[in-house]
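Please find one structure pasted underneath; my questions will follow.
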Amino acid sequence: MNFLENILGHLRQSSDRPVLQEVHADGVLAATGGELLSQIQTARSFLRQAGLKKGDRCVLLASNSIRWAAMNLAIIAEGSIVVPLYSRQSPDELAAMMKDSDPIMICCGDVSLRTNIIRSWPEAPACHIFKEIFSTAVPLEVSVDPPLPLADNDPVAIIYTSGTSGEPKGVILKVANLNHMLHCTTARLNLLMGRRKAPEKVFHYAPFCFAASWILLLSCLSRPSLLSLSTDLANIANELRHAAPDYFLNVPVMLERMRAKIEEQLAVRGGPVFWMFRAAQREWMRRAEGGTSRTGEFSLALARMTVFRAIRKRLGPNLKALVCGSAPLPPETQQFFLMLGLPVLQVYGLTETTAICTMDTPGSIRPGWVGTAIEGIEMKLGERDEILIRGPNVFPGYWNRPEATCEAIRDGWFHSGDQGEVSA
């Protein structure tokens with residue numbers, strides 16, 4: 001059973017349970033597994049009538065939503081290649097990537113996106129908006145067509161990345177990449193969640209067109225979970241309180257902002273609470289350096305029962321961990337959240353490695369490091385400490401760029417362009 005068959009099977013098992021929800025200022029829009037399957041079937045019917053065939057490229061240009069998830073799975077289920085793009089990128093940059101991928105059609109979230117694309121690329125193929133695609137809903141009781149057969153080497157996505165060169169390149173990801181990666185993410189998430197029987201709650205705010213976000217979406221849809229989607233970053237604090245997640249994926253800048261906001265609010269409040277926080281923080285850093293004091297131990301214990309508990313409650317009463325990737329996280333920020341009782345699980349990976357190479361294991365976190373390699377892959381340091389990766393997570397090549405592919409993959413190893421260090 002491949003990753004897509006597994007996801008569709010899980011949605012059938014969750015036909016009456018919410019699996020996705022959009023968090024809006026005036027409430028939530030939720031979809032059960034059955035409702036998502038219905039939307040997938042609706043999108044597949046539209047794609048077929050529009051002439052999409054196996055192996056064709058189809059651009060997906062929209063902000064995160066339930067319909068985005070349905071459209072993504074519908075394209076793959078038809079044996080086509082999804083090309084997810086960032087809806088806030090400039091129309092000219094989007095047009096350049098679309099021309100490179102040579103899609104049969106473009107699926108846009110709304111009219112304004114379609115208008116901007118056609119203005120930048122008058123010769124663009126047919127652009128369909130979600131309102132058209134999902135205008136005729138398939139009844140829930142109608143059976144969903146099985147996905148078209150997919151071989152391990154069949155491409156399922158082209159995700160554009162600038163990498164180290166700054167020039168966007170289309171990273172091809174194939175069925176085998178996704179099969180392996182979702183097996184690995186399931187194993188690591190099981191370690192985090194333990195033997196919990198109830199569906200886990202997950203919050204997400206980063207665009208699905210980025211590899212790590214895309215993998216998170218597919219991972220959540222393949223396991224018992226409720227994924228809450230942010231719709232307004234300016235309202236993220238309220239969205240988090242409503243979603244009450246067990247964990248969520250972050251970029252370092254977001255955790256930096258969260259830390260700064262917490263410290264700013266405590267400083268403004270002042271008084272005994274602020275001084276207790278500062279005393280506990282000093283003791284925590286003293287411990288990190290191998291020291292301690294009786295007074296400091298008391299301050300830390302008191303803060304854990306009062307200030308830290310209150311901070312965690314505001315961030316989310318169910319929050320067990322934060323996941324962070326895309327760039328190095330300053331060790332002091334990772335220490336800050338550890339002090340609060342919220343471990344930050346760092347992830348290292350690239351689009352070319354299906355988003356993940358390493359991930360922290362709960363209970364074995366070392367600030368400043370990014371955990372151990374996921375199952376089944378090899379990593380080593382090459383010349384000038386360049387990180388080299390080999391395994392089933394490594395992409396087969398760049399779209400339309402054979403020379404860049406040969407440069408990136410040499411002697412069976414992917415050359416990341418990143419420098420690293422291996423701990424003993």
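Just so you know, all these numbers are worked out from the coordinates, no wet-lab data involved. Fair warning: this is a prediction, and the values are worked out from it, not measured in the lab. Glycine gets a Cβ as well: all are built from the backbone with ideal geometry, and neighbour counts include every protein chain shown.
May I ask you to compute the full-extension gain from Ala327 to Leu148, defined as 0.36 nm times their residue separation minus their alpha-carbon distance, rounded to one decimal in nm?
Contour length minus Cα-Cα distance gives 60.8 nm.
What is the packing order of peptides 337-349, 89-101, 399-411, 178-190, taking the mean over residues of other C-beta atoms within 10 Å and listing the highest first?
Highest mean packing first, the order is 337-349, 178-190, 89-101, 399-411.
Taking N as the number of residues in region 1-70, what value does Rg over Cα atoms divided by 2.2 N^0.38 Å take?
Rg over 2.2 N^0.38 Å, computed on Cα atoms: 1.23.
While we're on this one: Would region 53-116 count as rounded, prolate or oblate if I go by the C-alpha gyration tensor, calling it rounded below 1.5 in a/c and otherwise prolate when a/b exceeds b/c, oblate otherwise?
Since a/c reaches 1.5 but b/c is at least a/b, the shape of region 53-116 is classed as oblate.
Using every Cα-Cα pair within region 217-349, state what percent have a distance larger than 24 Å.
In whole percent, the share of Cα-Cα pairs in region 217-349 beyond 24 Å is 34.
Please give the FRET efficiency for Met305 paired with Gln13, using the beta carbon to beta carbon distance and R0 = 41 Å, rounded to the nearest 0.05.
0.50
Same structure again: Which value, to two decimals, describes the C-alpha radius of gyration of the chain once divided by 2.2 N^0.38 Å?
My calculation over the Cα atoms of the chain gives 1.03.
Going by the alpha-carbon gyration tensor, a ≥ b ≥ c the square roots of its eigenvalues, is region 150-269 rounded (a/c under 1.5) or, if a/c is not under 1.5, prolate (a/b greater than b/c) versus oblate?
oblate
Cβ neighbours within 10 Å, averaged per peptide: list 221-227, 110-116 in order, most packed at the top.
In descending order of packing, they fall as 221-227, 110-116.
Just Phe308, Phe298, Phe134 to compare: in a GNM of the chain, with alpha carbon springs under 10 Å, which one fluctuates most?
Maximum among the listed residues: Phe298.
While we're looking at this one, here's another question. Per 0.36 nm of contour for each residue apart, how much would the distance between Asp110 and Leu233 grow if the chain were fully extended, relative to their Cα-Cα spacing?
42.3 nm
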